[in-house]
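Asker: The structure follows.
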Amino acid sequence: MIYDEKEDVYYCLGGDKLTYFKDMTKVRSSGLVQEFRIYMASKCGQCELKSKCTTSKTLRSIQVNKNLDELRKESERLISSEEGILLRINRSIQAEGAFASIKDQRGLTRLRHFGIQKVEAELYWEVLGHNFMKLCRKDKQDRLKKHLHPVKKLN
């Protein structure tokens, strides 16, 4: 969808305008309050792309969270910056490597507890042990606080 800030409308693939319909507030079970703006199309019935665009039997509508959009833009700006790129280079790309390491080196083939709290606790202990072993190995090899690529803070 293409957004036109001047008119406060979205344009769908078929060229139809989705105009502002109403504001809506949702309160999640966690207590998070989200504010949405709802935009609705005016003539989806005649559009050839309707089957690809929506499963709705009536008109196409979208919910837009402006706060979330702003946070996404800020996040994109930060990770695309020079400092963000260097930090991403220094960070392990594959999280699965840590799990493979825990399975191989620590011999963890299955969890031994049941229930979400006990499983979380067991995983926390395994991860703590894994990270402690990494820290000891880096200390032994004199690699503490050394990065593959230098990280400079930008002001």
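Every number here is computed from the coordinates shown, using simple stated rules; none is lab data. A quick note: this is a predicted structure, and the numbers were derived from the prediction, not measured. Every residue, glycine among them, receives a Cβ derived from its backbone with ideal geometry; neighbour counts consider all protein chains shown.
Asker: Find out how many positive minus negative residues lie around LEU13, taking Lys and Arg as positive, Asp and Glu as negative, among other residues whose Cβ is under 12 Å from that of LEU13. Don't skip to the end; give the middle numbers.
Answerer: Numbers: positive: LYS50, LYS52, ARG60; negative: ASP16, GLU48.
With Lys, Arg at +1 and Asp, Glu at -1, the net is +1.
Asker: Right, another one. Where a Cα-Cα gap under 25 Å defines reach, which lysines qualify for LYS146, not counting those fewer than 8 residues away within the same chain?
Answerer: Correct list for LYS146: LYS134, LYS138.
Asker: With contacts defined as alpha carbon pairs under 8 Å and 6 or more residues apart, what's the relative contact order of the chain in percent?
Answerer: Values: 138 pairs, mean separation 20.9, N = 155.
It comes to 13 percent, rounded to a whole number.
Asker: Could you tally the net charge around GLN105, taking each other residue with its Cβ under 13 Å from the Cβ of GLN105, Lys/Arg +1 and Asp/Glu -1?
Answerer: +2
Asker: Here's a follow-up. Loop sites only, by DSSP: take the GluC sites (Glu not before Pro) in the chain that have at most 10 other C-beta atoms within 10 Å and name the longest stretch containing none of them.
Answerer: After excluding every exposed loop site, the longest remaining stretch is 49-155.
Asker: While we're on this one: When you have a sec, figure out the Kirkwood radius of the chain from all distinct Cα pair distances and drop it here in Å to one decimal?
Answerer: 21.1 Å
Asker: Starting with the fewest neighbours, write out SER42, SER29 ranked by other beta-carbon atoms found within 10 Å of each beta-carbon.
Answerer: In order of increasing Cβ crowding within 10 Å: SER29, SER42.
Asker: May I ask for the longest run of the chain untouched by trypsin sites (Lys or Arg not before Pro) that are loop-located per DSSP and have at most 14 neighbouring C-beta atoms (other than their own) within 10 Å?
Answerer: Longest run free of exposed loop sites: 58-90.
Asker: Can you check what the net charge comes to around VAL119, using other residues whose Cβ is under 12 Å from the Cβ of VAL119 (Lys, Arg +1; Asp, Glu -1)?
Answerer: Neighbour charge sum, excluding VAL119 itself: 0.
Asker: Size of the dipole of the chain about the Cα centre, Lys and Arg at +1 and Asp and Glu at -1 on the beta carbon, nothing else charged, in debye to 20? Can you show the working numbers first?
Answerer: Values: 31 positive and 21 negative charges, 125 e Å.
The calculated dipole for the chain is roughly 600 debye.
Asker: Charges at C-beta only: +1 for Lys and Arg, -1 for Asp and Glu. How large is the resulting dipole of the range 30-121 about its Cα centre, in Debye rounded to 20? Before the final figure, lay out the partial values.
Answerer: Values: 17 positive and 11 negative charges, 104 e Å.
So the dipole magnitude of the range 30-121 works out to roughly 500 debye.
Asker: Which lysines have a Cα lying under 24 Å from the Cα of LYS118, excluding residues fewer than 8 positions away in the same chain?
Answerer: Output for LYS118: LYS103.
Asker: While we're here: For LYS17, list the lysines whose Cα falls under 27 Å from its own Cα; do not include residues on the same chain fewer than 8 positions away.
Answerer: Partners within reach: LYS6, LYS26, LYS43, LYS50, LYS52, LYS57, LYS66, LYS73.
Asker: Could you give the size of the charge dipole of the range 92-140 about its Cα centre, using +1 on the Cβ of each K and R and -1 on the Cβ of each D and E, expressed in debye and rounded to the nearest 20?
Answerer: 180 debye
Asker: Hey, another quick one. What does the range 1-44 give for Rg and for Dmax, in Å, if only its C-alpha atoms count?
Answerer: In Å, with Rg to one decimal and Dmax whole: 13.1, 38.
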